[in-house]
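First the structure, in the form of structure tokens, and then the observations on it.
The values are calculated or read from the model by the stated rules, or taken from the named source; none is laboratory data. Keep in mind it's a predicted model, so treat the numbers as computed, not measured. Note that we place each Cβ from the backbone using ideal geometry, even for glycine, and neighbour counts take in every protein chain shown.
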Amino acid sequence: MAGRRGPGRPGRAITALLLAATLAAVCVGQAPRTPACPLARGELTVDDLPAGSSVRDCPVVGRVVTHDGAGLAVPEPGTTVGVDSLTADGSAHGFTLTVTADGTVSYAYEARAEAVRGSRADAPAPCADPAYATAGRKEYGTYEWFLGDGRLPGGISRAQARRAFEEAVATITASRNDCGLDDRVAARARYLSTTSSRADIDRETRCMRPDGLSVWDTGDLGGDSVATACSWSRPAPGGGPEELLEADVRFNTHDYAFTDGPSGACTRAYDLRSVATHEAGHVFGLAHAGAGHENLTMFASSFACSTSARTLGRGDVLGLRSLY
């Protein structure tokens, strides 16, 4: 019993002092930790979150980044999201945001096209124009899509809308054209059903967080976008174009009129199948053809009352062949 220490003995106090001194030595010169990229609340611009930033240092997944009138919600690591808008004047302002598996952010910007001013007559005929651009992604399997259960463009029935959209998608998968080019495109699609889910696109033409369903619907896109496609993809296991995960399409019925059969009395309505064929091109990995290629389906405007984009031009077909 003589060797037992009570609570008032000095040994415990000496141990505590030594521990405190050790911790103080370890912490000398260490400043308090601060966020690697302190950001304001609300929307960000590409300047706020520049290329090279890391979503592992910044809690920005799900926050919207904007550029030139379009926006994207920052995706999870290992994912790319892209926005492509068909506009009334043919001015293109889409962009792509990639977050690599290690969390690094990068961007790809669409070349800004000048507004169309009657230059369509000066552009090559569709079957004489080999121009195309691709978005670095493709559908490796079967694109399965849903039709939203809301208002439909042009006041058509749900059955008519389904047929129009199926025809548009089939124009891409079968590379339908009037140029005598045979079908060498191994792309596939299947309509599933109507759904109460909405396309993951908001009224300011921003691609929001994906829900795993590829939905075609209508709504408000904010002014100059006649229709918009948002696509999410990830690196393909064997390399090459990224693998499509989801692609949503929305038609701007708030600001533009659509028709499934333009007549001689048409003045401002957009041909539903022409616009839908253009958007289906984005779904399967085509990007916009630039200025000087106004007669291709993938030019950034389908032109009011025109049905010419219902079939593909030479460049549109060559672009699909390069992917499929």
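Output the number of residues of the stretch 170-200 satisfying the condition of being farther than 15 Å from ARG321 by Cβ, out of contact with any Asp or Glu (no Cβ under 7 Å at 6 or more places or on another chain) and outside any strand (DSSP E or B).
2
Out of the residues in the stretch 203-216 meeting the condition of being at pLDDT 95 or above and part of a loop (DSSP other than H, G, I, E, B), tell me which one is surrounded by the most Cβ atoms within 10 Å (Cβ to Cβ).
Per the stated criteria, the residue is PRO210.
Looking at (1) at pLDDT 95 or above; (2) in a loop (DSSP other than H, G, I, E, B); (3) touching a Phe, Trp or Tyr at 6+ places or on another chain (Cβ under 7 Å), which one does ALA304 not meet, given that it meets all the others?
Among (1) at pLDDT 95 or above; (2) in a loop (DSSP other than H, G, I, E, B); (3) touching a Phe, Trp or Tyr at 6+ places or on another chain (Cβ under 7 Å), ALA304 violates only (1).
Looking at this structure, is ARG250 part of a loop (DSSP other than H, G, I, E, B) and either under 24 Å from ARG314 (Cα atoms) or of a type outside the set (Ser, Thr, Tyr) (or both)?
When the stated conditions are applied, ARG250 does not pass them.
Tell me the residue from GLU246, GLU279 that is touching a residue at least 12 places away in the same chain (Cβ under 8 Å), touching a Cys at 6+ places or on another chain (Cβ under 9 Å) and either crowded, with 24+ Cβ neighbours inside 10 Å or under 17 Å from THR173 (Cα atoms) (or both), please.
The unique qualifying residue is GLU246.
When the residues of the stretch 72-100 are filtered to those that are among the small types (Gly, Ala, Ser) and modelled with pLDDT of 95 or more, which remaining residue is surrounded by the most Cβ atoms within 10 Å (Cβ to Cβ)?
GLY82
Could you please find all residues in the stretch 218-233 being more than 10 Å from the chain's Cα centre (by Cα) and either surrounded by fewer than 24 Cβ atoms within 10 Å (Cβ to Cβ) or β-branched (Val, Ile, Thr) (or both)?
Answer for the stretch 218-233, where residues must be more than 10 Å from the chain's Cα centre (by Cα) and either surrounded by fewer than 24 Cβ atoms within 10 Å (Cβ to Cβ) or β-branched (Val, Ile, Thr) (or both): THR218, GLY219, ASP220, GLY222, GLY223, ASP224, VAL226.
Among the listed residues SER119, SER106, identify the single one that is in contact with a Gly (Cβ under 9 Å, 6 or more places away or on another chain), surrounded by fewer than 15 Cβ atoms within 10 Å (Cβ to Cβ) and either over 16 Å from TRP232 (Cα atoms) or free of Cβ contacts under 8 Å to residues at least 12 places away in the same chain (or both).
When all the criteria are applied, what remains is SER119.
State whether the residues of the stretch 133-156 include one that is out of contact with any strand residue (DSSP E or B) (no Cβ under 9 Å at 6 or more places or on another chain) and within 22 Å of MET298 (Cβ to Cβ).
no
For the stretch 127-147, check the following and say yes or no: at least one residue is under 15 Å from GLY281 (Cβ atoms), part of a strand (DSSP E or B), modelled with pLDDT under 95 and in contact with a Gly (Cβ under 7 Å, 6 or more places away or on another chain).
For the stretch 127-147, residues under 15 Å from GLY281 (Cβ atoms), part of a strand (DSSP E or B), modelled with pLDDT under 95 and in contact with a Gly (Cβ under 7 Å, 6 or more places away or on another chain): absent.
Can you name the residue in the stretch 282-301 that is in contact with a Leu (Cβ under 6 Å, 6 or more places away or on another chain) and under 23 Å from GLU166 (Cβ atoms) and is also surrounded by the fewest Cβ atoms within 10 Å (Cβ to Cβ) among such residues?
In this case the residue turns out to be GLY285.
Six or more apart or on different chains, Cβ under 7 Å: which pairs go from a residue in the stretch 313-324 that's surrounded by fewer than 24 Cβ atoms within 10 Å (Cβ to Cβ) to one that's of a type in the set (S, T, N, Q)? Could you list them?
SER322/THR134; LEU323/THR134
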